[in-house]
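So the structure is just underneath, and the comments pick up after that.
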Amino acid sequence: MEEPSDNRQKKVVAVVGGGLVGALNACFFAKRGLDVEVFESREDIRQAKVVKGRSINLALSHRGRQALKHVGMEEKIVSQGIPMHARMIHSLNGKQSPIPYGKKSQVNRLPATYKLTNHSETYPNAKLNFDHKLQDWSAEKGLMTFVRSDGTKEHIQADLIVGCDGAFSAIRKQFLRRSRFNYSQTYIPHGYMELTMPPINGEFAMKPNYLHIWPRNTFMMIALPNLDKTFTCTLFMPFDEFEKITTGDQVIEFFQKCFPDSIPLIGADALREDYFRLPAQAMVSVKCSPYHIGDKCVLMGDAAHAVVPFYGQGMNAGFEDCIVFDEIMEQFNEDLAAVLAEYSRVRVPDDHAIADLAMYNYVEMRAHVNSKWFLFRKHVDNILHFVMPKTIIPLYTMVTFTRTRYHKAVERWQWQDKVNTPTFYFLKYKTKSKTLLLIMQNKRVLKTWQSSLSEMI
Ligand code: FAD
């Protein structure tokens, strides 16, 4: 066997932030045989009585699953989630219309982080340090200062520092002081608030295997199922609209106007109280580049690219960061200077593309899910995908159900949009019992069916 080269000498990796991406990253580094230590500012969530945090349930799709699979955690996490096969659109009059998509699961933030944290601990070369808040660090020396809740400080040196400390990253602050670092952040005018829909007679109050959406132009509510048969409803609305509602009666009046079918399901009394439990939370989109400093530090997950949550890709993109980094480590024989530069080169365009797409979906989900043209275009894309699965792939499918690089998916989508719009026509003839559908490209018939339309779309 060949002796490992110098690059393969055991390196010490410090992962700052033990959230979803930090915990998964620890597994990746430990699996490679590197000495890895995780430093998390909070106490160990596995022992905490009360855990404060953001949205508890998240949509896990292909990219995230692939990364979990790599460290043997896919089934363990997915089995604790709920499969979701479609969106369910709730109209104002209470009508519900499903729009199918592919394989996607709801996962719970806390159990997923627990499981990844537990898994990282099974590696003898991984160590977890809770109650360690990064206060300062030096890129030149790889030296970090952590402060604990009792005020004591600890200084730690590492070969590689991996910043997984979320959207308001303390690691990233050092990047901002350096020349040629690009950075932008945008707060959207909307905030979000979470409300709980309890079970009815021990069962889910709505069909569970759906992402329920109430699109109302400038407002939107979504609901995701939880294992305890509740739904977490997330209301997205401009901050100034949240602030206009100041009494319980106004809450009911607003829901009566916008989401009437949800009132009996959430419960009028619970709604009056829940609405005022916590203030609406802000949402920020962060883009930066490069993601690394020399051979010393790299940013991943929300620390590198916080995205607005309207494509359900924030965690998935963060998980994919781990797998991409691991692939590049393999490719460059763990030569950190080369790996970090290549990682920025490869990953920045993709993470920027998903940040843009999430922002685009922010507009699309609020306004267009209601529009006939939007629904028609979705059906056109789905039918074309059915006829020519290799040529026409809906954007949502590429983003959610494949590992097509995000920026390539955008390029392909733009190309498809150009070729589809003017050239493909659908003709539908209805007889008493059957529907005949013709797909034509200019004057050429590409395909015909005799069946009920609903069987195909
Ligand atoms: P975080 O989860 O923020 O973890 C960062 C960790 O770093 C935390 O544990 C924190 O305590 C620690 N930390 C912070 N500062 C320090 C410090 N100074 N020292 C040490 N530790 C520190 N994504 C999806 O893929 N699907 C979804 O359906 C989805 N829905 C969402 C819904 C909402 C409403 C929101 C807001 C986000 C949603 N996301 C979704 C995005 C997803 O939550 C994030 O992308 C994901 O949590 C990012 O993980 P992370 O580990 O990078 O950051």
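Computed from the coordinates by the stated procedures, all read-outs in this text should not be read as laboratory data. Just so we're clear, the structure is a prediction, and the values are computed from it rather than from any experiment. When we count neighbours, we look across all protein chains shown, and the Cβ atoms used for this are built from the backbone with ideal geometry, even at glycine.
Of note:
- Candidate cross-link partners of Lys418 among the aspartates and glutamates, defined by an alpha-carbon separation under 13 Å and a same-chain spacing of 8 or more, comprise Asp381.
- A simple packing score, the average count of other Cβ atoms within 10 Å per residue, orders the peptides 268-276, 173-181 as 268-276, 173-181, with the highest score first.
- Site pair Gln157 and Tyr360 shows an inter-label distance of 4.8 nm when each label is modelled 7 Å from Cα along Cα→Cβ.
- A Förster distance of 51 Å, applied to the separation of the beta-carbon atoms of Asp131 and Glu243, puts the FRET efficiency at 0.90.
- Only the Cβ atoms of Lys and Arg (+1) and of Asp and Glu (-1) were treated as charged; on that basis the dipole of segment 164-293 about its Cα centre amounts to roughly 1000 debye.
- Separation in nanometres of the label points that stand 7 Å from Cα toward Cβ, at Lys141 and Ala268: 6.6
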